[in-house]
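Structure, as structure tokens:
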Amino acid sequence: MQPAAAPPASRPAIVVDKVELSLGRGASRVHILKGLTLSIAQGQSVGLVGPSGSGKSTLLMVMAGLEKPDSGTVTVAGTEITRLDEDALARFRGRHAGIVFQSFHLIPTMTALENVAVPLELAGEAHAFERAADELAAVGLGSRLDHYPTQMSGGEQQRTALARALSVQPEILFADEPTGNLDETTGRTIIDLMFAKQAERGATLVLVTHDRSLAESCDRVVRLRSGVIVEDSRAPEAVA
């Protein structure tokens, strides 16, 4: 009897291959990413760390399709996003990615419910507001649906931003310094919630942070310096 074939390996969630990126013009042009290569497995949480100017936030922007590299390729959820135009990139992000920023990026003239419903409406979800209400309830804001950003604390605004990022059931969650504008206690609450939701949904998490201890809460820590990877290891807590 022939032995059963091994199941096929799952594809990586993200593959960055020999990416180069410079920003600025003329004498002010700066070489940010220098031939960078990185592969991230599905369902993995990765903390990107490094000093200011190391390229960690730029790398996240490239992986999220918000910045286009000068050369090299970026493949996300099986699609080479470096081949897509801006409209196709926006549609791709709407289906596959959720993004949480340091400064929340909520629309000030919209309520929490309306902010979370926006990506669902853009994706053509017929029950956008019902789904949005469910997502807000899942992050503990079921009683704040009709509040505007100015009526919410920083922690509540970041919970709303997280609910918005998760609303489309993304395969990949990108978070760029998500606790940067929060006090330590509130920031820890947001991070715990983010990790819980990532694990619950089986999403891949890419987290940019200046906090090494926070990065070590991830499965893997990738350290950048001057646009190159100088360390790539699993966090001590994740080692079997």
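The values are calculated or read from the model by the stated rules, or taken from the named source; none is laboratory data. A quick note: this is a predicted structure, and the numbers were derived from the prediction, not measured. Heads up, the Cβs are rebuilt from the backbone with ideal geometry, glycines too, and the neighbour counts pull from every protein chain shown. Accessible surface areas use protein heavy atoms only, side chains included; no ligands, DNA or RNA. Shrake-Rupley method; radii C 1.70, N 1.55, O 1.52, S 1.80 Å.
Any idea how many residues of region 65-83 are part of a loop (DSSP other than H, G, I, E, B) and surrounded by fewer than 20 Cβ atoms within 10 Å (Cβ to Cβ)?
6
I want to confirm something. Restricting to region 86-101 and keeping residues that are touching a residue at least 60 places away in the same chain (Cβ under 8 Å) and touching a Leu at 6+ places or on another chain (Cβ under 9 Å), which single residue is surrounded by the fewest Cβ atoms within 10 Å (Cβ to Cβ)? Outline the logic, then answer.
Going through region 86-101, the residues touching a residue at least 60 places away in the same chain (Cβ under 8 Å) turn out to be 94-101.
Those left that are additionally touching a Leu at 6+ places or on another chain (Cβ under 9 Å): 94, 97-100.
Details: G94: 16, A97: 25, G98: 28, I99: 23, V100: 22.
Residue satisfying both the conditions and the ranking: G94.
Against the condition under 26 Å from T75 (Cβ atoms) and under 21 Å from the mean Cα position of the chain (by Cα), how does L173 come out, does it pass?
Working: under 26 Å from T75 (Cβ atoms): yes; under 21 Å from the mean Cα position of the chain (by Cα): yes.
The answer is yes for L173.
Can you name every residue in region 164-195 that is outside any loop (DSSP other than H, G, I, E, B), farther than 25 Å from E114 by Cβ and either touching a residue at least 40 places away in the same chain (Cβ under 8 Å) or not hydroxyl-bearing (S, T, Y) (or both)? Give the steps one after another, and end with the answer.
Within region 164-195, the first condition is being outside any loop (DSSP other than H, G, I, E, B), and the residues that meet it are 164-166, 172-176, 184-195.
Next, from what is left, pick out any that are farther than 25 Å from E114 by Cβ: 184-185, 187-188, 191-192, 195.
Once the filter is applied, which keeps residues that are outside any loop (DSSP other than H, G, I, E, B), farther than 25 Å from E114 by Cβ and either touching a residue at least 40 places away in the same chain (Cβ under 8 Å) or not hydroxyl-bearing (S, T, Y) (or both), region 164-195 yields E184, G187, R188, I191, D192, F195.
Give me a count of the residues in region 107-129 that are farther than 16 Å from V168 by Cβ, of a type in the set (A, V, I, L, M, F, W, C) and open to solvent by less than 30 Å² (accessible area, probe 1.4 Å). Give the derivation first.
Kept after step one, since they are farther than 16 Å from V168 by Cβ, are these residues of region 107-129: 107-112.
Okay, now just the ones that are also of a type in the set (A, V, I, L, M, F, W, C), so 107, 110, 112.
Applying the additional criterion that residues be open to solvent by less than 30 Å² (accessible area, probe 1.4 Å) yields 112.
Going through region 107-129 one residue at a time, the tally reaches 1.
For A161, state whether it is open to solvent by less than 40 Å² (accessible area, probe 1.4 Å) and assigned to a helix (DSSP H, G or I).
On the way: open to solvent by less than 40 Å² (accessible area, probe 1.4 Å): yes; assigned to a helix (DSSP H, G or I): yes.
So A161 fits the description; yes.
State all residues of region 12-30 that are outside any helix (DSSP H, G or I), at pLDDT below 95 and open to solvent by 50 Å² or more (accessible area, probe 1.4 Å); if no residue qualifies, say none.
P12, L23, R25, R29, V30
Can you confirm whether L205 is open to solvent by less than 40 Å² (accessible area, probe 1.4 Å), within 19 Å of A138 (Cβ to Cβ) and at pLDDT 95 or above?
Here the answer is yes, as L205 does meet what is asked.
Got a sec? Which of V62, V46 is more than 21 Å from R159 (Cβ to Cβ), part of a helix (DSSP H, G or I), open to solvent by less than 30 Å² (accessible area, probe 1.4 Å) and in contact with a strand residue (DSSP E or B) (Cβ under 9 Å, 6 or more places away or on another chain)? Spell out how you get there, then give the answer.
Numbers: V46 fails: part of a helix (DSSP H, G or I).
That would be V62, the only listed residue that is more than 21 Å from R159 (Cβ to Cβ), part of a helix (DSSP H, G or I), open to solvent by less than 30 Å² (accessible area, probe 1.4 Å) and in contact with a strand residue (DSSP E or B) (Cβ under 9 Å, 6 or more places away or on another chain).
Within the set of pairs 6 or more residues apart or between chains, which connect a residue that is under 13 Å from E156 (Cα atoms) inside region 105-119 to a residue that is part of a loop (DSSP other than H, G, I, E, B) and of a type in the set (D, E) with Cβ atoms less than 8 Å apart?
T111/D146; A112/D146; L113/D146
Could you grab the pairs with beta carbons closer than 7 Å, sequence gap of 6+ or different chains, first residue in region 130-152 and within 17 Å of M194 (Cβ to Cβ) and of a type in the set (V, I, T), second one open to solvent by less than 80 Å² (accessible area, probe 1.4 Å) and part of a helix (DSSP H, G or I)?
Within 7 Å, the pairs are V139/R159; V139/L162; V139/A163; V139/L193.
Does G35 meet the test of being touching a residue at least 60 places away in the same chain (Cβ under 8 Å) and over 23 Å from M194 (Cα atoms)? Walk me through how you get there before you give the answer.
Working: touching a residue at least 60 places away in the same chain (Cβ under 8 Å): yes; over 23 Å from M194 (Cα atoms): yes.
Yes; evaluated as a whole, the condition is true for this residue.
Which residue out of E156, E200 is over 15 Å from the mean Cα position of the chain (by Cα) and either open to solvent by less than 60 Å² (accessible area, probe 1.4 Å) or among the aromatic types (F, W, Y) (or both)?
E156
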